[in-house]
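Engineer: Attaching a single structure in C-alpha cells format; questions to follow.
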Amino acid sequence: MIRLLRIARREYLAYVRTPGFWLSLLLLPVGLSTIIIAPMAVSRATPTPRIAIIDFTGEHLTPQVVAAINPHGAPPQAVIVPDPPRPFANPDDARARLQPYLRGQRPLPDGANLDAAAIIRPDNQGGVAVDFWSRNLQSGGLEQTVSASVGEAIRNDRLRALGVDPKALSQVESLTPNLSLYSPKAATGKVGIKDTLPTLAGLAMGVLLLMVVLTGAGMLLNSVMEEKTSRIIEVLLSSASVPEIMGGKILGVAAVTGTILAFWMTIGAVLITVRSPQVAGDLVGVFLQHGHWAYFALYFIGGYLMFATLYVTIGAFCETAREAQTLLGPMMIVMTIPGVFMAQAVGHPDLPLLRTLTWIPLFTPFMMAARVASDPPLWEIASTAALMFAVTAFELWIAVPAFKAGALATGRFDVRLFFATVTRRRPA
C-alpha cells in the first residue's frame, strides 16, 4: 500500500509540475465560457441584415410584413430597403434586377449590401407564394418570420372579407390557461426549482464523469507509454507489484483531474453562495437527501475505476501514440452513446431503452447518474452497481498479467500476445 501511494504521489507531481497542468487549470473556465458566450458574441457582432420586400399580390401586405419583422418597441430584426424609383414589372423582373445586389456586385444607394429579398406573388392555386432570396445559404430564420407574417396578413384579409373581426379572433386565440406543474415526487406537490435540482445534478454528474474519463484516458496512456519507452516501467516492476503500479497510476491521475475540477467547483460554489444562497442551500440538500451523495460516489468511483483500468492496460501494449489512438478510437465512439442518451434519461428516466442501457456496464455509471431524480429502486441500484464492479474486477484479473506482458514487450501491438496473456497461455 505504501508503494502504491508513492507511485500515485510520483504520478501526481509529474503532472502538477508541468506547464500544461497549470494551463489546463486556468483555461478550463475560459473554454467553457467561450462555448457559452461565443454564440452570443457572434450574434451581437453580426450586422443587421437588409431586406427588400416586393409585393405583387395587390393586397398591400408589405406593412404587415414590416411590422412582423420589426415589431413596435423591439430592436430591428432587419433593415427594410425602400422600393426603387422604377417599380418592378413582375416577379421575373424583380429577380433579374435584384441579382447583382444579392451577389454583392452592386451596393445599395447608402453603400451597404442587400442581404435578402422577399418576393410575394400569387401562386397557381389562388393563394400566395413567397420567394425568399438570401445572399447566404442560411438566412438566420428571417424567412420564417416573413412567411408567418404573410400568412397572418392573408388570413386577416380573408376573415375581414367574410365579416369576421380579426381583432376579436386574435383575442380568442390569445386566451391560454395558467399552467401549473404537479408531481407526487415534488415535496409540496407543486413542482418548483428545488424539485428539478436533482435532475440537473444527476445530468451534471454524468457529464462530469464523462469529462474525467476522457481527460484521464490521455494522461494514463501517455504515462504508461512514456515509461515503457524509457524503460522506467521495468525499474518499477522490479520494486513494486503490478497491482501497486496500476493502482498508483490510476490514483495519481485521478488526483490530477480531481484537483482541477475541485478548484473550479469550489470557485463556482462560492459564486453561487454569494449570488443566490437559497439555490446553494438547495443544492447541498439535493446531495444530502435520500443518500444521493453515496449514490453519486458509488457510480462515479466505479465508473472511473472501470475505464481507468482499461486505459492503463491498453497503454501497456502501445509503443506509439498512433497505436494508442487506433485502439482508443473505437472506445471513444462507444463513449458518445451515453452522452447522447443522458439528456433523454433526464426527461424520460423509465423508458425501456434507457433502462436497458443502464444494465450495460460501460454505460451504467452515466445512465444511473442521469436517472437519480426518478429514484430508481434499491434492487436496481444494487444490481447495476454489482454488475459494474464485477466487470471492473474481471478487468483487473485480465489487466494484471496483460499489463506486465505488455510493459515488458517490445515492438508493435501484437494481438496474439494480448489474447495469449489474457488467457494466461504462452503465445505460439
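Engineer: Provide the per-residue ³J(HN,Hα) series for segment 113-130, in order, calculated from phi with Karplus coefficients 6.51, -1.76, 1.60 and θ = phi - 60°, each as a whole number of Hz, with x at glycine and proline positions.
Structural biologist: Once θ is set to phi - 60°, the couplings for segment 113-130 become 9, 7, 9, 7, 8, 10, 9, 9, 9, x, 9, 6, 9, x, x, 10, 10, 10 Hz.
Engineer: Ordered by packing density, taken as the mean number of other Cβ atoms within 10 Å over each peptide's residues, highest first, how do 143-149, 175-181 rank? Could you put the intermediate results ahead of the total?
Structural biologist: Numbers: 143-149: 17.3, 175-181: 6.3.
In descending order of packing, they fall as 143-149, 175-181.
Engineer: Still on this structure: Among 235-247, 72-84, what's the highest-first ranking by average C-beta atoms within 10 angstrom per residue?
Structural biologist: Working: 235-247: 17.2, 72-84: 12.3.
Answer by packing, highest mean first, reads 235-247, 72-84.
Engineer: Ok, one more. For the pair residue 174 and residue 288, how long in nm is the line joining their label points, each one 7 Å along Cα→Cβ?
Structural biologist: Rounded to a tenth, the inter-label distance reads 4.7 nm.
Engineer: How far apart, in nanometres, would the label points at residue 232 and residue 274 be if each is projected 7 angstrom from Cα along the Cα-to-Cβ direction?
Structural biologist: That separation, rounded to one decimal, is 3.9 nm.
Engineer: So what are the ³J(HN,Hα) numbers for segment 204-221, from phi and the Karplus equation (6.51, -1.76, 1.60; θ = phi - 60°), rounded to whole Hz, Gly and Pro as x?
Structural biologist: Computed from phi, the couplings for segment 204-221 are 4, 5, x, 5, 5, 5, 4, 5, 5, 5, 5, 5, x, 4, x, 5, 5, 4 Hz.
Engineer: Give me a comma-separated list of calculated 3J(HN,Hα) values for segment 268-285, in order, Karplus coefficients 6.51, -1.76, 1.60 applied at θ = phi - 60°, integers in Hz, x for any Gly or Pro.
Structural biologist: Result, ordered by residue: x, 5, 5, 5, 5, 5, 6, 7, 8, x, 5, 5, 4, x, 5, 5, 4, x Hz.
Engineer: Give me the extension gain from residue 397 to residue 360: residue separation times 0.36 nm, minus the current Cα-Cα distance, reported in nm with one decimal.
Structural biologist: On the way: separation 37, 0.36 × 37 = 13.32 nm, distance 1.95 nm.
Stretched out fully, the residue 397 to residue 360 stretch lengthens by 11.4 nm.
Engineer: Continuing with this model, one more query. Once amide H atoms are placed 1.01 Å from N in the peptide plane, what residues at a sequence separation of 5 or more from residue 79, or on another chain, have their amide H within under 5 Å of its amide H?
Structural biologist: Those qualifying (amide H under 5 Å, at least 5 residues apart or on another chain) are 50, 51.
Engineer: Arrange the peptides 256-264, 217-225, 331-339 so that the one whose residues have, on average, the most other Cβ atoms within 10 Å appears first. Could you put the intermediate results ahead of the total?
Structural biologist: Working: 256-264: 16.2, 217-225: 21.4, 331-339: 14.2.
Highest mean packing first, the order is 217-225, 256-264, 331-339.
Engineer: From the Cα trace of segment 197-276, what convex hull volume per residue do you get, rounded to a whole Å³? Write out the running numbers ahead of the final one.
Structural biologist: Numbers: hull volume 7.9 nm³, N = 80.
Residue-normalised Cα hull volume stands at 99 Å³.
Engineer: Taking a spot 7 Å from the Cα of residue 181 along the direction of its beta carbon, which residues of segment 370-398 have an amide N less than 19 Å from it?
Structural biologist: Residues 370-376 fall inside that zone.
Each reported figure results from applying straightforward, stated rules to the coordinates on display, with no laboratory input. Because the structure is a prediction, the values reported are computed rather than measured. Positions of Cβ are generated from backbone atoms using ideal geometry, with glycine treated the same way; all protein chains shown enter the neighbour counts.
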